[in-house]
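What follows draws every value from the coordinates through simple rules; no lab data is involved. Bear in mind the structure is a predicted one, so any value in this text is a computation, not a measurement. For neighbour counting, all protein chains shown are included, and Cβ atoms are generated from backbone atoms with ideal geometry for every residue, glycine included.
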Ligand code: AVI
């Protein structure tokens with residue numbers, strides 16, 4: 001009852017501060033203006049994203065959690081008990097809890113760029129699972145990295161849920177999977193959540209919810225630019241637009257200028273035509289075969305895939 005709580009070990013890789021200003025200014029002068037989706041996630045954006053995950057129209061989170069609950073024991077068998085488990089972009093480490101009991105890993109290594117959030121979550125998890133050695137790594141997992149002393153080169157299990165792989169361009173996704181393969185090493189496996197191609201109406205509804213939360217999430221990017229980069233976007237003059245692009249196999253999110261207007265950011269002026277868009281996100285959807293092919297091209301062998309009865313979402317186990 002009065003045991004000393006187990007403390008996580010922190011490894012701070014000191015990720016490069018993000019280049020928000022450079023990325024926004026260079027994105028705003030492009031022919032098709034664009035800003036990378038990673039900039040959605042300031043404090044308000046992260047809160048709005050959590051709200052998106054609870055929306056009736058946003059099926060991915062709920063469906064993936066259902067799969068982890070239903071098939072967790074089988075997934076754990078593939079991953080192998082007593083292994084070292086690495087999670088990419090662990091956030092609050094909520095989904096991993098569904099696997100930890102079945103998996104009983106010797107160690108859990110959450111990797112996340114958001115230092116405070118990572119440290120808080122790791123501390124809670126270490127208390128809840130005293131038998132698991134928690135090593136929290138503050139790093140940008142999209143950049144090359146090596147595991148801490150004692151973990152590199154051992155057979156590991158990787159976990160990358162949420163279909164975040166869909167926010168990379170396919171070629172970037174392949175390169176990212178190659179880097180994960182190198183990091184985990186041969187004999188390892190990866191459990192990865194991937195959103196599936198499906199009826200277009202369902203996709204469009206998921207990114208155009210009736211409560212307008214996704215619109216607020218998209219527009220918050222302009223608010224963040226106003227606050228952090230001395231911008232003067234008038235949020236009422238821009239409109240959320242999300243649509244499945246069947247030719248590219250992706251949902252695109254844009255912010256559409258409702259009128260001809262000039263906007264200033266960091267002292268630079270940008271002229272928007274009425275109807276002109278700022279492209280803020282791609283969310284690629286894959287068939288099972290398309291994703292298996294992508295994974296194979298990065299050196300993984302597809303071993304098993306779990307889907308829900310409606311084929312909304314997939315969780316793949318890939319091995320090296
Ligand atoms: C984080 N990512 C997988 C989400 C997605 O569905 O692409 C981000 C999101 N954008 C709008 N709604 C949710």
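Points to keep in mind about this one:
- Built from the Cα atoms of the range 1-109, the convex hull projects on average onto 11.1 nm², one quarter of its surface area.
- Segment residue 32-residue 179, extension gain: residue separation times 0.36 nm, minus the distance between their alpha carbons: 50.0 nm
- Cβ-Cβ FRET estimate between residue 172 and residue 124, R0 fixed at 30 Å, reported to 0.05: 0.40
- Each Cα pair of the range 93-132 feeds into the Kirkwood radius, which the Stokes-Einstein equation turns, at 4 °C and 1.567 mPa s, into a diffusion coefficient of 122 µm²/s.
- In the chain, the ratio of gyration radius to Kirkwood radius, Rg to Rh, stands at 0.98 when only Cα atoms are counted.
- Across q = 0.26 Å⁻¹, the range 182-225 modelled as identical point scatterers on its alpha-carbon atoms has Debye log10 I(q)/I(0) values of -0.94, in the order of the q list.
- For the chain, relative contact order (Cα pairs under 8 Å, six or more residues apart, normalised by length) works out to 21 percent.
- Rotationally averaged projected area of the range 55-150 (alpha carbon convex hull; nm²): 7.0 nm²
- When DSSP beta bridges are restricted to pairs lying wholly in the range 118-257, around 65% turn out antiparallel.
- Backbone N under 13 Å from the residue 268 label point (7 Å along Cα→Cβ), restricted to the range 35-49: 35
- Potential lengthening between residue 97 and residue 223 on full extension [0.36 nm per residue; Cα-Cα distance subtracted]: 42.0 nm
- Helix-only mean residue ellipticity at 222 nm for the chain, each DSSP H run of n ≥ 4 adding -39500 (n - 2.57), per residue, nearest 500: -10500 deg cm²/dmol
- Among 133, 181, 247: highest mean-square fluctuation, GNM of the chain, C-alpha pairs under 10 Å: 247
- Just so you know, the averaged projected area of the alpha carbon convex hull for the range 238-289 sits at 4.6 nm².
- Relative intensity, log₁₀ I(q)/I(0), of the range 65-223 from a Debye sum that treats every alpha carbon as a point, q = 0.17, 0.18, 0.20 Å⁻¹: -1.10, -1.20, -1.38
- Alpha-carbon geometry of the range 162-320: the Rg and the Dmax are 18.9, 57 Å, given in that order.
- Relative contact order of the range 132-256: 20 percent, from C-alpha pairs under 8 Å at least 6 residues apart in sequence.
- For the residues 142, 61, 280, a GNM of the chain with alpha-carbon springs under 10 Å puts the largest fluctuation on 142.
- Gain on full extension, evaluated as 0.36 nm per residue between residue 261 and residue 204 minus their Cα-Cα distance, stands at 17.7 nm.
- Normalising the average separation of contacting C-alpha pairs (under 8 angstrom, six or more residues apart) by the number of residues puts the relative contact order of the range 4-114 at 19 percent.
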